[in-house]
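One structure below.
We did not get these values from a lab; they are worked out from the coordinates using the rules stated. In this text, all values refer to a predicted model and were calculated from it rather than measured experimentally. With ideal geometry, Cβ positions are generated from the backbone for all residues, glycine too; neighbour counts draw on all protein chains shown.
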Amino acid sequence: MKRKKLFLSAISAAFIAPSVLAVSCGRNEDSAELIKQNDLFKSGKAKTVANKIWVEQVLKKLYNVTDKSLQEEFANKNSQYYKDALSAFNTFSEFSLATDELFYLKQLSDWSSKGIFTKSEVANLASITKQAPNESQFNIIFKNQSTDLSFDINKLLLVNKYFEVKDESLLLKMHDDFAKNKPNYDVNQYNLLAYALSKNYVQKWEYVSKDITDLFSEKNKTISSIEDYSKLLSSTYDQAVVAHKNLLFSDNSAIEAKLGGYKGLTPDSISKYGLEMDTDKLKLATKEALYGFFSNSEDKSLIHLKNGTNELSRPIPLYNAKTNELSVTYLNLILPIGKKVETKDKDGKAITSTVLSFDNTIYAKNLSRLAYLFMLSDKTLYDTAKSGFLKLGYKLKVTDPVILEELKGSELL
């Protein structure tokens, strides 16, 4: 495959002043423009700057932006890039606040100390100390490259685009084991499936008590409804810890939005509950196997609500003998299930087979949000996506010798 050279001579004005956009060794080495440009890359931030440029240039290709910069594409609120950036930001924002409720207060304090915003912009942004930025405030922050928000959002978009790769010839270049896994995976979701199955994430809500008094007085109790669960949390801080709608991605979000005790996404947790399912089991599973209140009993099952009610289909013991604590846990297992597909055998005869896919799961409508949350929960996922696109030949071409020296050994070249 022909290498997709992303010329550093096309550097965005967001990173380098317009007068020094051209990166060329043909200029006078003493020119002010070249000196400024070289100083930027010799400041110890060469690889960071190169990464920002690389992500922008790859996204330009993936969003088919041919006649303008990515910043100009962002200015068009009807563009797919803008819509996706806003969607990714909404999830990024709520995830950041769920992790640290003072996130934007700290950010605004840092930005103010650096003087990167005008007086009117600072006044416009004042309210983010108490709540997530609105769309107008998002635009202000995103367009100011000193905040690095555009880089954070672009990385989320790159991961989502990585999960959307479906061309078999490209997947073969990305993965040595593609041919082996192909019979079991929905090719349209191959990268997403490979990642999800390697991580075994759960999305979790939970009440836990190891208090001796509670253990003595409530050991034999059961819970039969969402109200029972909420009562357990009522005297704890966790009652107020709920998931914002931009952190929810299942068909059950209306119910999940009311649950306290939100813990987020945690990897390698399915085995903790004895709920492991291999490929064969997942192919036979229904979407109901992926969510519910954990039974806390030997059968290790997930208990659902009765249709149209907040009542559980059966009571759950409050005491967990395995952990010697009182606990109630609601889980979403982030796994695919079976999907029937039509293929052809070596003789061209039509056959029906079952592959793993998210299409029939409770997550099918929100796979982009799931992708964003995966990366926010696992920073190494960006490196995985970057590696995948580098294997496809998305590289930077540097013509300036000083910059080339600073980036020597970089995988981006």
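Quote the relative contact order of the chain in percent (integer), defining contacts as alpha-carbon pairs under 8 Å separated by 6+ residues.
Once normalised by length, the contact order is 23 percent.
With +1 on each Lys and Arg Cβ and -1 on each Asp and Glu Cβ, how big is the dipole of the range 201-333 about its Cα centre, in debye rounded to the nearest 20?
Rounded to the nearest 20 debye, it is 120 debye.
What net charge do the residues around Leu265 carry, taking every other residue with its C-beta under 15 Å from that of Leu265, with Lys and Arg at +1 and Asp and Glu at -1?
After counting each charged neighbour, the total is +1.
Using a simple spin-label model with points 7 Å from Cα along the Cα→Cβ vector, what separation in nm is obtained for Ser234 and Lys349?
If labels sit at Ser234 and Lys349, their model points lie 6.6 nm apart.
Binning every alpha carbon pair distance of the chain at 20 Å from zero, what are the percents per bin?
22, 48, 26, 4, 0
Report the net charge of residues surrounding Leu381, where surrounding means a beta-carbon distance below 11 angstrom and charges are Lys +1, Arg +1, Asp -1, Glu -1.
Taking every other residue near Leu381 into account, the sum is +2.
Taking amide hydrogens as modeled 1.01 Å from N in the peptide plane, which residues meet the under 5 Å criterion relative to Lys397, leaving out close sequence neighbours?
It is Leu6, Phe7, Leu8, by chain and number.
Would you work out the relative contact order for the range 88-245, in percent, from Cα pairs under 8 angstrom that are 6 or more residues apart?
Relative CO of the range 88-245 lands at 15 percent.
For Asn307 and Lys397, what does the FRET efficiency come to when R0 = 56 Å and r is the distance between their Cβ atoms, rounded to the nearest 0.05?
Between Asn307 and Lys397 the formula returns 0.40.
Hey, what did the range 123-188 get for relative contact order, percent, Cα under 8 Å, at least 6 apart?
That works out to 19 percent.
Rounded to the nearest 10 degrees, what's the angle between the helix 46-62 long axis and the longest principal axis of the chain, both from Cα atoms, 0 to 90?
Helix 46-62 and the main axis of the chain meet at about 80 degrees.
Between Leu97 and Ser410, what is the label-point separation in nm under the 7 Å Cα-to-beta-carbon projection?
That separation, rounded to one decimal, is 3.6 nm.
Taking a 32 Å limit on the Cα-Cα distance, which of the listed pairs Lys346/Lys386; Lys52/Lys173; Lys114/Lys199; Lys61/Lys349 fall beyond it?
As for pairs spanning more than 32 Å Cα to Cα, those are Lys346/Lys386; Lys114/Lys199; Lys61/Lys349.
If you take the beta carbon distance between Leu105 and Leu390 as r and set R0 to 35 Å, what does 1/(1 + (r/R0)^6) give as a FRET efficiency, to the nearest 0.05?
With R0 = 35 Å, the Cβ-Cβ based efficiency is 0.40.
With +1 on each Lys and Arg Cβ and -1 on each Asp and Glu Cβ, how big is the dipole of the chain about its Cα centre, in debye rounded to the nearest 20?
900 debye
In nm, to one decimal, how far is the Thr213 label point from the Phe151 one, both placed 7 Å along Cα→Cβ?
Once both label points are built, they end up 5.1 nm from each other.
Pick out, from Leu396, Asn332, Tyr372, the residue whose Cα sits farthest towards the positive end of the charge dipole of the range 316-413, with +1 on the Cβ of Lys and Arg and -1 on the Cβ of Asp and Glu.
Highest projection toward the positive end goes to Asn332.
Relative to the longest principal axis of the C-alpha atoms of the chain, give the angle of the C-alpha long axis of helix 190-199, reported between 0 and 90° and rounded to the nearest 10°.
60 degrees
What net charge is computed for the residues neighbouring Thr309, neighbours being all others with C-beta under 15 Å from the C-beta of Thr309, Lys and Arg scored +1, Asp and Glu -1?
Value of the local net charge: 0.
Taking neighbour counts of Cβ atoms within 10 Å as a proxy for exposure, in what order, fewest first, do Glu325, Glu406 appear?
Starting with the residue having the fewest Cβ neighbours, the order is Glu325, Glu406.
When a/c is below 1.5 the answer is rounded, else prolate if a/b is larger than b/c, else oblate, so apply that to the range 107-240 with a ≥ b ≥ c taken from the square roots of the Cα gyration tensor eigenvalues.
It comes out oblate by the Cα gyration axes.
What is the order of Val241, Val202, fewest Cβ neighbours within 10 Å to most?
Least crowded to most crowded, the residues run Val241, Val202.
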